[in-house]
Amino acid sequence: MAAKKLKVFRTTIGFHDAYVAAPSQKAALAAWGSDHNLFATGAAEQVSDAALTAEPLAKPGEVIKKVRGSVGEHLAALTETSRPRRRARPTPAATPVLPRPSRAELDRAEQALEKAKAARDETMEQLAREEADLARRRRNLERRHEREAERLACILDEKRSEYYKAMASWRSG
């Protein structure tokens, strides 16, 4: 397996810049002993200037500290009453600013689902009312049928009795 290509990364430590030659940002953070992603906050960056990369590339994985500014500049910075100067945060030139995504379609989909659920619930309630009505109608029909069947059975028994009597009378004749 071929060795990974080394890149040079830089972060600021007090009045020094700390350089390290490493294959990735993760490896650079490990070399600096950082628990935080300094690249995400803009506190670290990749360096491509040949004058700044020569020494770190000669000693891969080793942190190389270089003083930033002169002693006079450091003393002046300590005695200034204004806020300390910060280096401008590098901004990626090719990264376009994307507009915030619209939530409108998601909201419409959620509303459509809620509307469908409400319609289903209303239909289910209507069906339950219809089922209860049909059950009540069935019970009433069964009761009417039972009463009518009992009445007709009584008539049948009476007519049968009359018939048997008439037949007995006819046979005896």
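Bear in mind that the values in this text are calculations on the coordinates, not laboratory data. Since the structure is predicted, the reported quantities are computational estimates derived from the model, not experimental observations. FYI the Cβ positions are ideal-geometry reconstructions off the backbone, even for glycines, and counts take in every protein chain you see.
Of all residue pairs spaced 6 or more apart or on separate chains, those with beta-carbon atoms under 9 Å, a first member in segment 53-66 that is closer than 20 Å to GLY33 by Cα and a second member that is in a loop (DSSP other than H, G, I, E, B) and of a type in the set (Val, Ile, Thr) are PRO56/VAL63. Restricting the search to segment 10-53, which residues are more than 39 Å from the chain's Cα centre (by Cα), of a type in the set (Phe, Trp, Tyr) and surrounded by fewer than 19 Cβ atoms within 10 Å (Cβ to Cβ)? Scanning segment 10-53 gives a single hit, PHE15.
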